[in-house]
Amino acid sequence: MARSRPDTAPYEVTQPRSRRERVRAEAVARIPWWYNPWGHLAFPSCVGLGLIAASIALLDRPTAVELLTVPLVLVLANFNEWRIHKHILHRPSWPLELLFWRHTPEHHMIFVRDDMAMRETKEFRLVLIPFYGILAIFLGTLPVTLGLWFLVSPNVAALYVATSMGYVVAYEWLHLAYHLPMANPIARTRLVGWLRHHHAVHHTPELMQRWNFNVTVPLADLALGTIYRGR
Ligand SMILES: [Zn+2]
Ligand SMILES: [Zn+2]
């Protein structure tokens, strides 16, 4: 049976500050007492960097052609980021509805273009993907890794894991950086400022369903014509 999709139109309107503050207070109140924001940041970072180190250790004199895996996976991951953001984070899709509910009605309601900053480290919870996300991605793509290992070469499989895990870590770090308060030196770097602008436009409720779906580098947005050019 076809599932009826909830209408996302009510979320596509900038809400009065009082309503946004209420949603924020409720979301912060739901954070469990044992929540550790630095642990939430450290876990995917350590898993990702650990898998990158292990993959590099497995490399055995990769050829120039095998090294092409790195740019190829970076481009594919960028288009995948666009697709997942547009079709899973902005539309409830079984069985990943949780990601929609945490993103469109919550992350986008709390942070809007002119109010992008987290107010306390506890709010990492409102920005980062669930802590086990990187493990789920590694395990979910294991058939691809094994296919590359046995059908192409162990070097290509190792480069695939290193690049895809590096991409996930970069996504988490960059998205967190865009939502840092401007007093933070990382938030004031040129690179973060430029990339944050692209994401901040996406944080305009009226634009979020159609524009600026890349969170890292806006390559797929450029190729697919979804960079917002209006004012
Ligand atoms: Zn965001
Ligand atoms: Zn979004």
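Pairs linking a residue in region 102-114 that is more than 16 Å from Ile31 (Cβ to Cβ) and among the basic types (Lys, Arg) to a residue that is open to solvent by less than 30 Å² (accessible area, probe 1.4 Å) and within 9 Å of ligand 1 (Cβ to nearest atom), with Cβ atoms under 7 Å and 6 or more positions apart or on different chains, are Arg113/Ala200; Arg113/His203.
Sort out which residues of region 200-223 are surrounded by fewer than 15 Cβ atoms within 10 Å (Cβ to Cβ) and either away from ligand 2 (no atom under 12 Å from the Cβ) or of a type in the set (Asp, Glu) (or both), and write them in order of number. If the condition is that a residue be surrounded by fewer than 15 Cβ atoms within 10 Å (Cβ to Cβ) and either away from ligand 2 (no atom under 12 Å from the Cβ) or of a type in the set (Asp, Glu) (or both), then Glu206, Leu222, Ala223 are the ones that fit.
Considering only region 152-169, I want to know if a residue exists there that is within 13 Å of ligand 1 (Cβ to nearest atom), within 29 Å of Leu51 (Cα to Cα), aromatic (Phe, Trp, Tyr) and touching a residue at least 60 places away in the same chain (Cβ under 8 Å). Within region 152-169 (the criterion being within 13 Å of ligand 1 (Cβ to nearest atom), within 29 Å of Leu51 (Cα to Cα), aromatic (Phe, Trp, Tyr) and touching a residue at least 60 places away in the same chain (Cβ under 8 Å)), the answer is no, since none of the residues qualifies. Residues in region 170-194 that are free of Cβ contacts under 8 Å to residues at least 60 places away in the same chain and charged (D, E, K, R): Arg188, Arg190.
The lone criterion from (1) of a type outside the set (Ser, Thr, Tyr); (2) open to solvent by less than 40 Å² (accessible area, probe 1.4 Å); (3) closer than 25 Å to Gln15 by Cβ; (4) part of a helix (DSSP H, G or I) left unmet by His197 is number (2). Sort out for me the helices (runs of 4 or more DSSP H) sitting completely within region 26-137 that have 1 or more residues that are among the basic types (Lys, Arg) and open to solvent by 80 Å² or more (accessible area, probe 1.4 Å). Because the criterion is at least 1 residues that are among the basic types (Lys, Arg) and open to solvent by 80 Å² or more (accessible area, probe 1.4 Å), the helices (runs of 4 or more DSSP H) in region 26-137 that meet it are 69-84. Considering only region 177-191, state which residues are of a type in the set (A, V, I, L, M), within 13 Å of ligand 1 (Cβ to nearest atom) and in a helix (DSSP H, G or I). Residue satisfying the conditions is Ala177 alone. Do we find a residue being assigned to a helix (DSSP H, G or I), open to solvent by less than 40 Å² (accessible area, probe 1.4 Å), acidic (Asp, Glu) and away from ligand 2 (no atom under 16 Å from the Cβ) anywhere in region 154-176? Taking every residue of region 154-176 in turn, none turns out to be assigned to a helix (DSSP H, G or I), open to solvent by less than 40 Å² (accessible area, probe 1.4 Å), acidic (Asp, Glu) and away from ligand 2 (no atom under 16 Å from the Cβ).
The values are calculated or read from the model by the stated rules, or taken from the named source; none is laboratory data. Please read these numbers as outputs of a predicted model, since none were measured by experiment. Glycine also receives a Cβ, built like all others from the backbone with ideal geometry; neighbour counts cover every protein chain displayed. Heads up: the accessible areas ignore ligands, DNA and RNA and are worked out on the full protein's heavy atoms, side chains in. Shrake-Rupley method; radii C 1.70, N 1.55, O 1.52, S 1.80 Å.
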